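A.B. asks: What follows is a single structure, and I will ask about it in a moment.
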Amino acid sequence: MTTTADRPAPLAGPRPARFRLLADLDAPRNLFANITPNWFAAVMGTGIVAVAAASLPEQFPGLRAAATVVWGLAAALLVAVTVATVVHWRRHPQTARGHARDPIMVMFYGAPPMALLTVGAGLLLLGRYVVGLRLAVDADWALWLAGTTLGLVTAVAVPGLMFTRGRVRPGAAFGGWLMPVVPPLVSASTGALLVPHLADAQARLALLLACYAMFGLSVLASLIVITLIWGRLISHGVGPARLVPTLWLILGPLGQSVTAANLLGLVAHDALPAPYATALRVLGVLYGVPVWGFAVLWTIIAATITLRTARRHLPFSLTWWSFTFPVGTCVTATTTLAVQTGSVVLRVAAAVWYAGLVAAWLTVALRTAHGTARGTLLLPPQAQPAHTAE
């Protein structure tokens, strides 16, 4: 950060608003003035790179070690963003409460619970080799319970606000509408990792059934939202360029639901007798393969729209993290299907999707680090230019 003495003397005339705002960031209090919930998307996007690598069918030397380092980075980001959010709420309560009144920003209250759940899953899959299994399980339980509670609150509260505040204008649906209803689905897939670590049979059964209930909650709500987004694209076009990355969020419930269905099916025998355990394992494949096919279709559609928009103008913002976590769920979905079916094609597909995930993560992480260092991502939201993707 520069000091006042380091800055050159101002030119004659008023300073541009952008530079006045950048100068305002020199005040430590103002560093936390514009911390929004979507900062937790960086934690989600970083954590999924590690989680996806942990179970990737095609392993190579150094992958697990690299994934552990990335998980450590995600955990550090979780702590940093959480602390920044707490400071933001203490110093700027009016701004923080204003996020709930913003029809776009309120959707991203779904990001904090998914960040907790993703880091917790990475702790159990990778961190256990660093801190030990017992501590990893205990810490993951704490993160899972916190993330699940927050996720269920957002799944009820955010749609409730939409239903009671008044009419939403036609064509308002966008990918962000999925953010508040997907966290219970992440709880379902990460909860499956905890089922084998419960000693009591009834506790295992209760957790398994709760995970399936959250699976249904999120899948049905996501199907409604995806239908609205599809209809909006047909009737109203792609819309503002800055929201185009959120189209990738549709991959989130698709990939996460396939992951959850298969992970829960694999651990069903720990809580249920045959034939139910066998039926649930088969259900994972019967449900997963068709949904995986739609995920491939939507990947092509979203990539086509994104490339078309980028040729015109695709401004960088935190919405670019939509290129990471949803793609990561497709990696885990493909991995679970490959494990269940033994398909070589799916093993290769998982590796290809993971390569795309890493490329997207490196791009977005570097852009985010650069924007944070310059202070541009810490500025209040500015009026966006009238760029559209049409």
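The values are calculated or read from the model by the stated rules, or taken from the named source; none is laboratory data. In this text the structure is predicted, and so the values were computed from the model without any measurement. Neighbour counts run over all protein chains shown; Cβ positions are idealised from the backbone, glycine included.
A.B. asks: What are the residues in the stretch 183-193 that are buried (at least 21 other Cβ atoms within 10 Å of the Cβ) and over 26 Å from P245 (Cα atoms), if any?
C.D. replies: Of everything in the stretch 183-193, those that are buried (at least 21 other Cβ atoms within 10 Å of the Cβ) and over 26 Å from P245 (Cα atoms) turn out to be G191, A192.
A.B. asks: Right, here's the next one. Is the stretch 19-36 home to any residue that is farther than 21 Å from L126 by Cβ and at pLDDT 90 or above? First the steps, then the outcome.
C.D. replies: Here is the first cut: in the stretch 19-36, the residues farther than 21 Å from L126 by Cβ are 19-36.
From what's left, at pLDDT 90 or above: 35-36.
Yes - at least one qualifying residue is present in the stretch 19-36.
A.B. asks: I would also like to ask the following. List the number of the failed condition for P8; all other conditions in (1) modelled with pLDDT under 50; (2) within 30 Å of A360 (Cα to Cα); (3) not aliphatic (A, V, I, L, M) hold.
C.D. replies: Failing condition for P8: (2).
A.B. asks: Now for a different question. In the stretch 312-336, what count of residues is obtained for those that are farther than 16 Å from G175 by Cβ and either crowded, with 24+ Cβ neighbours inside 10 Å or free of Cβ contacts under 8 Å to residues at least 24 places away in the same chain (or both)?
C.D. replies: 6
A.B. asks: Next up: Could you please find all residues in the stretch 277-330 being of a type in the set (S, T, N, Q), in a loop (DSSP other than H, G, I, E, B) and at pLDDT below 95?
C.D. replies: Looking only at the stretch 277-330, we keep the residues that are of a type in the set (S, T, N, Q), and these are 278, 299, 304, 306, 309, 317, 319, 322, 324, 329.
So of that shortlist, the ones also in a loop (DSSP other than H, G, I, E, B) come out as 317, 324.
Answer for the stretch 277-330, where residues must be of a type in the set (S, T, N, Q), in a loop (DSSP other than H, G, I, E, B) and at pLDDT below 95: just S317.
A.B. asks: Within the group L117, L125, L133, which residue is in contact (Cβ under 8 Å) with a residue 60 or more places away in the chain, over 24 Å from I229 (Cβ atoms) and out of contact with any strand residue (DSSP E or B) (no Cβ under 9 Å at 6 or more places or on another chain)?
C.D. replies: Just a single option satisfies the conditions, and that option is L125.
A.B. asks: Could you pull out the residue among V168, V219 that is more than 23 Å from the chain's Cα centre (by Cα) and of a type in the set (V, I, T)? Before you say what the answer is, go through the steps one by one.
C.D. replies: On the way: V219 fails: more than 23 Å from the chain's Cα centre (by Cα).
Only one candidate qualifies: V168.
A.B. asks: Going by the structure shown, is L264 in a helix (DSSP H, G or I), of a type outside the set (S, T, Y), at pLDDT 95 or above and closer than 30 Å to D200 by Cβ?
C.D. replies: Judged against the criteria, L264 is a match.
A.B. asks: Let me ask something additional. Does at least one position in the stretch 92-104 carry a residue that is within 16 Å of G47 (Cβ to Cβ) and either among the hydrophobic types (A, V, I, L, M, F, W, C) or touching an Asp or Glu at 6+ places or on another chain (Cβ under 8 Å) (or both)?
C.D. replies: No: the stretch 92-104 contains no residue that is within 16 Å of G47 (Cβ to Cβ) and either among the hydrophobic types (A, V, I, L, M, F, W, C) or touching an Asp or Glu at 6+ places or on another chain (Cβ under 8 Å) (or both).
A.B. asks: Which condition number in (1) in contact (Cβ under 8 Å) with a residue 40 or more places away in the chain; (2) within 24 Å of T118 (Cα to Cα) is the one that V296 fails?
C.D. replies: Only one criterion in (1) in contact (Cβ under 8 Å) with a residue 40 or more places away in the chain; (2) within 24 Å of T118 (Cα to Cα) is unmet by V296, namely (1).
Residues checked against (1) crowded, with 20+ Cβ neighbours inside 10 Å; (2) in contact with a strand residue (DSSP E or B) (Cβ under 6 Å, 6 or more places away or on another chain); (3) in a helix (DSSP H, G or I); (4) not polar (S, T, N, Q):
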site	(1), (2), (3), (4)
W141	no, no, yes, yes
W144	yes, no, yes, yes
G147	yes, no, yes, yes
G151	yes, no, yes, yes
A155	yes, no, yes, yes
M162	no, no, yes, yes
G171	no, no, no, yes
V181	yes, no, no, yes
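A.B. asks: Can you name the residue in the stretch 357-390 that is within 21 Å of T304 (Cα to Cα) and surrounded by 17 or more Cβ atoms within 10 Å (Cβ to Cβ) and, of all such residues, is modelled with the lowest pLDDT?
C.D. replies: A389
A.B. asks: Go through the stretch 164-208 and give me each residue that's at pLDDT 95 or above and polar (S, T, N, Q).
C.D. replies: Result: S187, S189, T190, Q202.
A.B. asks: Quickly run through the stretch 233-255 and pick out the residues that are β-branched (V, I, T) and touching a Phe, Trp or Tyr at 6+ places or on another chain (Cβ under 8 Å). Let's see the steps before the verdict.
C.D. replies: Kept after step one, since they are β-branched (V, I, T), are these residues of the stretch 233-255: 234, 238, 244, 246, 250.
Answer for the stretch 233-255, where residues must be β-branched (V, I, T) and touching a Phe, Trp or Tyr at 6+ places or on another chain (Cβ under 8 Å): T246, I250.
A.B. asks: Looking at the stretch 332-351, which of its residues are among the β-branched types (V, I, T) and either within 13 Å of V296 (Cβ to Cβ) or in a loop (DSSP other than H, G, I, E, B) (or both)?
C.D. replies: Residues of the stretch 332-351 among the β-branched types (V, I, T): 332, 334-336, 339, 341, 344-345, 348.
T334, V345 - these are the residues of the stretch 332-351 that are among the β-branched types (V, I, T) and either within 13 Å of V296 (Cβ to Cβ) or in a loop (DSSP other than H, G, I, E, B) (or both).
A.B. asks: In addition: Give the residues of the stretch 63-78 that are touching a Gly at 6+ places or on another chain (Cβ under 6 Å) and of a type in the set (A, V, I, L, M), sorted by residue number.
C.D. replies: Filtering the stretch 63-78 for residues touching a Gly at 6+ places or on another chain (Cβ under 6 Å) gives 71, 74.
Passing the criteria: only A74.
A.B. asks: Please state which one of V225, V258 is closer than 16 Å to I104 by Cα, modelled with pLDDT of 95 or more and touching a Phe, Trp or Tyr at 6+ places or on another chain (Cβ under 6 Å).
C.D. replies: Values: V258 fails: closer than 16 Å to I104 by Cα.
Unique residue meeting the criteria: V225.
A.B. asks: Is the stretch 130-139 home to any residue that is within 20 Å of the chain's Cα centre (by Cα) and not in a helix (DSSP H, G or I)? Break it down into steps so the answer makes sense when it comes.
C.D. replies: The initial filter retains those residues of the stretch 130-139 that are within 20 Å of the chain's Cα centre (by Cα), namely none.
Taking every residue of the stretch 130-139 in turn, none turns out to be within 20 Å of the chain's Cα centre (by Cα) and not in a helix (DSSP H, G or I).
A.B. asks: Same structure, new question: Look at A274 and say whether it is of a type outside the set (F, W, Y) and in a helix (DSSP H, G or I).
C.D. replies: no
A.B. asks: State all residues of the stretch 196-228 that are closer than 12 Å to F174 by Cβ and surrounded by fewer than 20 Cβ atoms within 10 Å (Cβ to Cβ); if no residue qualifies, say none. So that I can check it myself, show each step before the final result.
C.D. replies: Within the stretch 196-228, the subset closer than 12 Å to F174 by Cβ is 225-226, 228.
Residue satisfying the conditions is L228 alone.
A.B. asks: Please go through the stretch 83-108 and give me each residue that is in contact (Cβ under 8 Å) with a residue 24 or more places away in the chain and either assigned to a loop (DSSP other than H, G, I, E, B) or over 15 Å from N38 (Cα atoms) (or both), ordered by number.
C.D. replies: Listed by number, the residues that qualify are V87, R91, H92, P103, I104.
A.B. asks: Being over 28 Å from A65 (Cβ atoms) and among the hydroxyl-bearing types (S, T, Y): is that true of T154 here?
C.D. replies: Numbers: over 28 Å from A65 (Cβ atoms): yes; among the hydroxyl-bearing types (S, T, Y): yes.
Answer is yes for this residue.
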